[in-house]
Amino acid sequence: MRKTKQEAPTFQANSKSSLREKMANFNEKVKKDFKRNKIIYLMVSPVVLYYIVFQYGPMYGLQIAFKDYSPVLGFLGSPWVGFDHFKEFFNSFFFWRLLKNTIILSFYSLIFAFPAGIILALLLNEVRSKMFKRTVQTVTYMPHFISLVVIVGILFDFTARDGVINDILGFLFGIEPIAFMQQAEWFRTLFIGSDIWQNVGWSSIIFLAAMSNIDTALYEAAKMDGAGRFKQMFHITLPGIMPTVVILLILLIGKFMTVGEEKILLMYNPTTYETADVIGTYVYRKGILESNFSYSAAVGLFKAIIAFTLLVIANGIARKVGDTKLW
Amino acid sequence: MIMWQKMKALSVLLLLLLILLVVGCSSNDTAGEQEENIDGEDMELKDPGEVGYPEEITYWTELNASVAQTSQTLNDVGVYQELEKITGTKVDFKHPSGEGTDITEQFNLMIASGQLPDVIEYNWRTVPNGPDQAIESGTIIRLNELIENYAPNLNRYLNENPEVKKMVTTDAGNMYSFPFLRGDEKLMVFMGMMIRQDWLDELDLEKPSTISEWEEVLTAFKNTDFNGNGEQDVIPLLVQPDDIKNIGPFLGAYGIHAQFYNDNGTVKYGSIQPEFKEFLTTMNKWYEDGLLDPDFAAIDTTLLDAKVTNNQLGSLFGYTGGGIGKYMGLMQDRDPEFSLAPTAHPSLKEGEKAATAQRAHPYEGFHSVAISGLAENPEEIVKWLDYAYSEEGHMLFNFGIEGESYDMIDGYPTYSEEITNNPDGLPMSDALGKYIRASYGGPLVQDVRYVEQYLELPEQQEAVEIWGETAENEINMPPTTLNADESEEYSSIMSDLDTYYDEMLVRFIMGEEPLGHFDNFVETLKGMGIERAIELQQAALDRYMER
């Protein structure tokens with residue numbers, strides 16, 4: 001970093017001719033480097049292209065958040081309206097509810113769904129029978145490969161008035177059938193619960209991999225010192241996978257405001273909007289169904305800004321507390 | 001290290017350049033399209049004699065479920081195969097997938113992309129920002145002159161039916177589509193309450209007509225074990241929130257419509273009237289007493305079919321064809337006793353009529369066909385579309401191919417066995433879908449002789465009569481249009497308002513929100529701008545009256 005700062009003034013102070021010289025020099029170096037590492041450049045190009053086309057390219061369209069976009073006038077031709085759409089959203093009847101629902105769902109999945117994978121991995125790590133361990137692993141990560149539409153379909157069937165869950169509740173406790181999918185207070189439980197069921201096995205894989213990297217000598221030493229399995233788990237396994245956990249957590253916080261809108265769209269209905277309607281689903285209804293593109297772009301941008309801020313904060317904290325960080 | 005810094009700078013530069021390139025290309029494209037639009041509008045009129053049928057056109061339209069049963073595209077359907085033989089025009093159909101909001105989604109994205117086919121079939125009356133705006137922006141073209149010059153058949157029909165012409169023209173005087181028109185009163189009534197006649201007979205009860213009679217009958221249903229499984233699992237009544245909101249079963253008895261209605265020239269919003277609270281009180285009581293299906297707020301076709309065919313459901317609000325006809329057909333073999341009969345629209349007092357019920361206008365906007373601003377030969381396309389309104393075209397679109405799907409018997413086009421008793425076992429609606437378009441809508445005038453044969457059961461014939469007779473329908477709003485500015489303001493008010501409304505309607509009925517909070521509900525609606533929306537509707541109604 002320091003070097004650039006020193007470099008910059010001299011670079012600017014140079015006359016045009018020497019700038020050209022430098023450029024030529026530089027171009028040559030690039031060419032040389034390119035020749036030498038052709039294959040590497042070739043290998044990296046699809047990734048770079050992907051980011052340009054699908055991540056940076058579309059950002060050009062973000063300007064419609066500050067415009068009154070009409071498809072006929074195009075991105076450039078539509079008139080500017082400044083922050084009107086943002087103001088409209090902040091003053092909207094549903095603003096606080098959307099924000100609250102988005103944050104609560106994200107928070108719940110952070111405190112319930114995220115640790116679930118770690119716990120499962122810890123448990124599996126202690127299992128000594130290989131057969132049993134593999135079976136459990138396969139069974140738990142299988143649902144990850146089922147399409148979301150099917151998962152939600154299964155959920156509807158299971159939680160119907162005459163579905164399995166109500167049958168069991170009625171048989172064991174004599175509870176009257178509950179219309180789970182139509183009651184706002186059940187939505188979060190169903191959403192997070194089914195998320196854990198679907199993804200716990202999959203997310204445990206990465207932690208299991210991290211555990212297999214821990215030096216076995218540590219465990220032997222601990223055993224010599226008389227540490228039981230619980231102590232080993234808390235003092236060796238957990239600290240051993242901590243860097244992985246922290247990185248994953250930071251990445252997750254970056255996606256904090258993105259709560260799986262597709263799944264909510266499949267699950268919700270007006271009776272559960274109270275707890276289910278989040279910023280993402282609101283953007284979908286406003287933008288795609290009512291073709292109010294500018295407004296929904298503004299709302300989406302607002303969401304992205306929050307997520308970005310959270311990511312920076314989380315990374316800052318991680319940096320201070322330990323030495324694991326994204327950048 | 002220095003080299004690295006420079007490399008970094010260069011790669012950022014290259015990246016920026018690439019982005020600019022991509023951006024530059026795409027903005028050039030849109031500019032090109034706009035120019036074409038303007039060219040299209042300035043076109044001079046060709047001599048009608050010189051205009052033939054187009055060689056080929058692209059046509060965007062939803063594929064109706066009854067067609068999808070047998071065909072991949074409308075090209076496979078009898079009417080379009082015959083039409084191609086007559087006109088020589090090859091049609092490239094583009095069908096959006098899915099149904100309901102899936103179609104809305106794909107339509108909006110298509111319009112936004114600017115890549116438009118020649119011909120687009122949609123409900124153009126209610127598109128975002130209205131049809132006038134769509135013409136102004138060049139998405140579709142104004143058709144007045146084209147219809148006058150190149151569509152003699154539609155032109156004649158509209159001139160003979162000035163009331164219809166008024167409906168298909170906007171306040172600004174634009175015609176924007178080849179409309180789907182209902183050619184007879186009998187075609188306009190197709191929804192109402194229906195009840196299990198065999199259950200009534202078993203209990204020796206009369207068909208209910210007033211709200212209190214309904215309550216008695218529903219209670220009696222509730223307490224009887226019709227299917228004999230020893231459980232009290234009868235669901236006496238099912239009405240869905242969307243129907244309550246947009247059409248008004250039971251609500252008509254209270255003299256209002258849930259949405260905007262026309263009270264002698266003054267627009268009112270029904271759900272903030274005190275009558276609406278009375279209605280909610282009744283519905284809430286029925287829900288609490290187990291008379292109204294507890295699943296009423298989240299029902300789909302599969303679930304509804306299951307409830308009816310498992311002999312669970314006592315009465316429902318539904319269609320003559322897709323309700324009575326469908327279920328009588330499904331149950332014919334399983335339960336010969338099964339009988340679903342239409343009942344009068346409920347009223348408060350004996351002998352009264354309901355203020356409003358389902359009754360379609362001759363033109364509502366569904367299945368209207370507009371020509372896109374990008375179409376190169378609008379005159380020819382207009383001529384092609386006009387064929388459906390000619391005498392031969394009318395027969396083709398309503399009855400299909402003579403000798404195949406219908407025969408002329410004593411001057412009456414009678415559907416053949418292929419339709420009425422399909423050898424492949426297709427229900428009549430699917431068999432019709434294989435040949436014609438009149439059964440679900442399209443750019444044509446629907447013929448009453450279609451519905452006379454389609455409603456083959458006496459119960460269905462009775463339904464059209466009884467549902468037509470027992471409602472006043474004086475307060476129904478005519479098919480008004482909002483202008484571009486109004487429509488933008490209106491939709492920005494109504495989209496949040498409707499979300500809130502849909503929730504509250506269900507919560508009031510389910511008792512999750514006590515009825516004591518009705519005044520708060522009204523205040524919230526006012527806070528969200530319902531009064532402004534009423535003003536906008538009033539302006540639209542006033543303009544409509546002056547058309």
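The numbers here are math on the coordinates, done by the rules we state, and not lab data. Please read these numbers as outputs of a predicted model, since none were measured by experiment. Counting neighbours? That spans all protein chains shown, and the Cβs are built from the backbone with ideal geometry, glycine included.
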Got a sec to turn the phi values of the range B:360-376 into Karplus ³J(HN,Hα) couplings, 6.51 cos²θ - 1.76 cosθ + 1.60 with θ = phi - 60°, whole Hz, x for Gly and Pro?
6, 8, x, 10, 10, x, 4, 6, 8, 10, 10, 9, 6, x, 8, 4, 7
Can you list residues from other chains, or at least 5 along the same chain, whose modelled amide H is less than 5 Å from the amide H of B:Asn473?
B:Thr356, B:Ala357
Considering amide H positions built from the backbone, and no H for Pro or chain starts, which residues 5 or more places from A:Ala179, or on another chain, come under 5 Å of its amide H?
none
Return the subset of A:Lys87/B:Lys94; A:Lys100/A:Lys133; A:Lys133/A:Lys223 for which the Cα-Cα distance in this structure is over 29 Å, preserving the input order.
A:Lys87/B:Lys94; A:Lys100/A:Lys133
Proximal aspartates and glutamates to A:Lys255, defined as alpha-carbon separation beneath 16 angstrom and excluding residues fewer than eight positions away on the same chain
A:Asp195
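How many partner chain Cβ atoms sit within 10 Å of a residue's Cβ in peptide A:58-71, on average, as a whole number? Walk me through the numbers before you get to the answer.
Working: counts 0, 1, 6, 2, 0, 0, 0, 0, 0, 0, 1, 1, 5, 10.
The mean count of partner-chain Cβ atoms within 10 Å per residue comes to 2.
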If we count other beta carbons within 10 Å of each Cβ, what is the order of B:Ile235, A:Ile40, A:Ile288, fewest first?
A:Ile40, A:Ile288, B:Ile235
Between the alpha carbon centres of the range A:30-71 and the range A:277-306 the gap in Å comes to 25 Å
Whichever lysines have a C-alpha closer than 18 Å to that of A:Lys35, once near sequence neighbours (fewer than 8 apart) are set aside:
B:Lys6, B:Lys8
Name the shape class, rounded, prolate or oblate, that the alpha-carbon gyration tensor gives for the range B:435-481, where a ≥ b ≥ c are the square roots of its eigenvalues, rounded holds for a/c under 1.5, and otherwise prolate holds if a/b is larger than b/c and oblate otherwise.
oblate
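Shape of chain A from its Cα gyration tensor (a ≥ b ≥ c, root eigenvalues): rounded if a/c is under 1.5, otherwise prolate when a/b > b/c, or oblate?
It is oblate, given that a/c is not under 1.5 and a/b is not larger than b/c.
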Would you mind checking which residues have amide H under 5 Å from B:Asn227's amide H? H placed 1.01 Å from N; only 5 or more apart, or other chain.
none
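Report for chain B the percent antiparallel among DSSP-assigned beta bridges with both residues inside it, nearest 5.
Values: 23 of 39 bridges.
DSSP beta bridges in chain B are roughly 60 percent antiparallel.
Antiparallel DSSP bridges in the protein assembly as shown: what percent, to the nearest 5? Before the final figure, lay out each step's value.
Numbers: 24 of 40 bridges.
Counting only bridges with both partners in the protein assembly as shown, antiparallel ones make up about 60 percent.
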Where N is the number of residues in the range B:417-519, Cα Rg divided by 2.2 N^0.38 Å:
1.67
Computed, not fitted: 222 nm per-residue ellipticity of the protein assembly as shown from DSSP H runs ≥ 4 (each -39500 (n - 2.57)), nearest 500, equal to -16500 deg cm²/dmol
What's the average, rounded to a whole number, of partner chain beta-carbon atoms within 10 Å of each residue's beta-carbon in B:502-511?
3
Kirkwood Rh, Cα atoms: Rg over Rh of the protein assembly as shown:
1.02
Rounded to the nearest Å, the spacing of the alpha-carbon centers of the range B:264-290 and the range A:161-207 is 35 Å
For the protein assembly as shown, the dipole about the Cα centre with charges only on Cβ (Lys and Arg +1, Asp and Glu -1), to the nearest 20 debye, works out at 8060 debye
From phi via Karplus (6.51, -1.76, 1.60), per-residue ³J(HN,Hα) for the range A:279-296 in Hz, x at Gly/Pro:
4, x, 6, 5, 4, 4, 5, 5, x, 7, 7, 9, 6, 9, 5, 4, 4, 6
To the nearest whole number, what is the average tally of beta carbon atoms from other chains within 10 Å of the beta carbons of peptide A:267-274?
5
Relative contact order in percent for chain B (Cα pairs under 8 Å, 6+ apart) equals 23 percent
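Kirkwood-based Rg over Rh for the range A:58-186 (C-alpha set), two decimals? Before the final figure, lay out the partial values.
On the way: Rg = 23.6 Å, Rh = 20.2 Å.
Rg/Rh for the range A:58-186 comes to 1.17.
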Cα gyration tensor of the range A:211-327 - equivalent ellipsoid semi-axes, whole Å, descending:
44, 18, 9
Report the normalised scattering of the range B:179-275 as log10 I(q)/I(0) at q = 0.18 Å⁻¹, calculated by the Debye formula with identical scatterers on the alpha carbons.
-0.99
Cα-based Debye curve of chain B sampled at q = 0.07, 0.10 Å⁻¹ gives log₁₀ I(q)/I(0) of -0.48, -0.92
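Take the residue pairs B:Lys245/B:Lys268; B:Lys307/B:Lys349; B:Lys207/B:Lys349; B:Lys383/B:Lys434 and return only those whose Cα atoms are more than 19 Å apart. Don't skip to the end; give the middle numbers.
Details: B:Lys245/B:Lys268 14 Å; B:Lys307/B:Lys349 31 Å; B:Lys207/B:Lys349 15 Å; B:Lys383/B:Lys434 25 Å.
Correct reply: B:Lys307/B:Lys349; B:Lys383/B:Lys434.
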Could you tell me which of rounded, prolate or oblate describes the range B:255-318, using a ≥ b ≥ c as the square roots of the eigenvalues of the alpha-carbon gyration tensor, with rounded for a/c under 1.5 and, failing that, prolate when a/b is larger than b/c and oblate otherwise?
prolate
Sequence order, the range B:419-427: Karplus ³J(HN,Hα) from phi using 6.51 cos²θ - 1.76 cosθ + 1.60, θ = phi - 60°, Hz rounded, Gly and Pro as x, gives 8, 7, 9, 4, x, 8, x, 6, x
